[in-house]
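The structure appears below as C-alpha cells.
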Amino acid sequence: MKFAVIQERKSPPDRRVVLDPNSCQKLLSIFPSAELIIESSPIRAFSDADYSSAGLEVVADVSTAEVLIGVKEVPIEALIPNKSYFFFSHTIKKQPYNRKLLQAILNKKITLYDHETLVNESYHRLIGFGYYAGVVGAYNGIRALGMKLNCFDLPKATDLNDRAALNVQLDLLTIPNVKIVLTGTGRVGQGAKEVLDHLNIKQVTVDQFLNDNSSEAVYVQLDVLDYCERQDGKTLGKKDFFKFPEAYNSTFDRFTSVADFFIAGHFYGKGAPAFFSRNQAKNSNFKLKVVADISCDIDGPIACTIRPSTIEKPIYGYDPKTETEIDYKITSAIAVMAVDNLPCELPKDASEEFGHTFVEKIIPAFFNKDAFGVLKRAKMTENGQLMPAFSYLQDYVEGKE
C-alpha cells in the first residue's frame with residue numbers, strides 16, 4: 001500500500017498536515033510493507049527539508065500513490081481519478097459551496113474518506129483538531145479579556161512557534177478577579193480547560209460559581225444538563241437530551257448574570273435551545289464582557305456571534321442594544337472572539353497530535369483487513385457511487401436541494 005501526504009491547495013493557505021515527519025516514521029516502522037511519499041509544499045509547518053531529514057521521499061508528483069492524505073478540500077482540478085482520498089470535504093451537511101466538489105469526486109470515481117466520518121463502533125469521532133481548537137480558543141479568549149479590560153497584552157497565538165511558547169506567555173500573566181464559564185467536556189472543552197488550569201485559575205462547582213463571591217479568578221466547566229432542563233421538569237439524563245433536544249429549555253441565563261467571560265467549547269446539535277438570545281443580552285443583569293466562541297455557529301445559539309472573525313482580526317464588538325457590530329473597546333460592547341479555523345494558529349502542535357492519532361487509529365485498518373470497520377463506516381464514495389450510509393446526499397449531488 002502506497003500512501004502520499006499531499007500539498008494543501010485551498011486558499012487561504014493552511015499550514016497543517018495530517019502526517020508530520022515523526023508520524024511518517026512511526027507509520028513506516030509499524031507497517032514495514034507500507035510505502036510513503038511526501039508532496040513538496042512551500043507552505044506547510046514542516047518543510048520539505050524536515051521530511052527529507054527524516055529519511056522520507058519528497059516528490060513533485062504523487063500519482064503513483066494509492067491513498068492520498070490531506071487536511072482541507074482538494075481543488076477539483078487537482079483531484080486524481082480512481083484514487084482514495086482522506087480530507088475534510090465539508091459535504092456531509094450538504095454545504096452548497098462544495099456540491100461541485102462532491103460531484104467531481106463521483107465523476108472521477110474517487111473513493112472518499114472524510115476525516116469527520118472516521119468513527120468507532122459507537123459512531124464517536126476517532127480523529128479531529130478539536131483539542132487544539134480548544135487550546136487556541138481559550139488562549140485567544142484570554143487575550144481578548146486582557147485587551148477588553150485593558151489589564152494585559154498577549155501576542156497572537158499565530159505569532160508563536162508552538163504550544164511551549166504559548167505557555168511561556170501565559171506564565172507571565174496575572175488574571176484579574178473574573179468569573180469564567182466554560183461549556184463542553186469533549187476534546188475542545190478539554191483543550192480549553194488545560195489553558196485555564198495552566199493559569200492556575202481555580203475550578204469551582206456550579207453552586208459555588210452561582211452563589212459565592214470570590215477574591216480571585218474562578219471558572220466552572222459545564223456539561224449540557226448544567227445549562228439545559230426539560231420543559232416538563234423531568235430529569236432523564238444526557239441521552240434523552242441528545243435524542244429530544246427540542247424538549248429542553250436553556251437555563252444559561254443564571255450564568256450570564258454572574259459570569260464575566262464565556263468560553264464556548266460545546267457541540268451544538270440541531271434543535272437544542274440557544275444559550276442566550278439577543279433580547280436576553282439586553283437585560284440589565286446580563287454581565288458577560290467577553291465571549292470566546294470556539295464553536296462559531298453564526299446567528300446560532302450565542303446571540304453575539306454575528307460573524308466569524310479571522311486570525312488577522314480575531315476580535316470584534318457586539319452592541320446588545322442595537323444588535324450590531326461596534327468597536328469591542330466600547331464599554332457597552334461584548335468582545336467576541338469567533339475565529340473559525342483556530343488550530344491553524346498552532347499548526348505544528350495540531351499536526352503532531354492529529355498525525356499520532358491517524359497512525360494509531362486509522363492506518364491499521366489498511367493492514368488488518370479493516371477488522372473494526374473503520375474504513376467501511378467512513379467510506380462516502382466508491383466507483384462513482386455514494387455508499388449506502390451516505391445515500392441521503394443523492395439529492396444534494398443532483399442539485400435537487
Single match in VAL224, VAL181 (criterion: under 23 Å from PRO308 (Cα atoms), within 20 Å of the chain's Cα centre (by Cα) and of a type in the set (A, V, I, L, M, F, W, C)): VAL181
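For (1) over 20 Å from LYS108 (Cα atoms); (2) buried (at least 21 other Cβ atoms within 10 Å of the Cβ), each residue gets a yes or a no:
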| residue | (1), (2) |
| --- | --- |
| VAL339 | yes, yes |
| GLU345 | yes, yes |
| VAL359 | yes, yes |
| PRO364 | yes, no |
| ASN368 | yes, no |
| GLY373 | yes, no |
| ARG377 | yes, no |
| GLU398 | no, no |
Given (1) surrounded by 19 or more Cβ atoms within 10 Å (Cβ to Cβ); (2) acidic (Asp, Glu); (3) touching a helix residue (DSSP H, G or I) at 6+ places or on another chain (Cβ under 6 Å), index of the condition GLU8 fails: (3)
Residue within region 335-342 that is touching a Cys at 6+ places or on another chain (Cβ under 9 Å), of a type in the set (Asp, Glu) and closer than 25 Å to THR158 by Cα present: yes
Spans of helices (runs of 4 or more DSSP H) in region 170-281 with at least 1 residues free of Cβ contacts under 8 Å to residues at least 12 places away in the same chain and surrounded by 15 or more Cβ atoms within 10 Å (Cβ to Cβ): 238-243
Flag if VAL62 is in the same structural domain as LYS369 (by TED's automatic domain parsing) and in contact with a Phe, Trp or Tyr (Cβ under 6 Å, 6 or more places away or on another chain): no
Of all residues making up region 318-333, the number that are crowded, with 18+ Cβ neighbours inside 10 Å and closer than 12 Å to MET147 by Cα: 1
Pairs, first in a helix (DSSP H, G or I) in region 1-21, second among the charged types (D, E, K, R), C-beta under 8 Å, six or more apart: PRO21/ASP50
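The values are calculated or read from the model by the stated rules, or taken from the named source; none is laboratory data. None of the values given here were measured: they were computed from a predicted structure. Every residue, glycine as well, gets a Cβ built from its backbone with ideal geometry; the counts of neighbours run over all protein chains shown.
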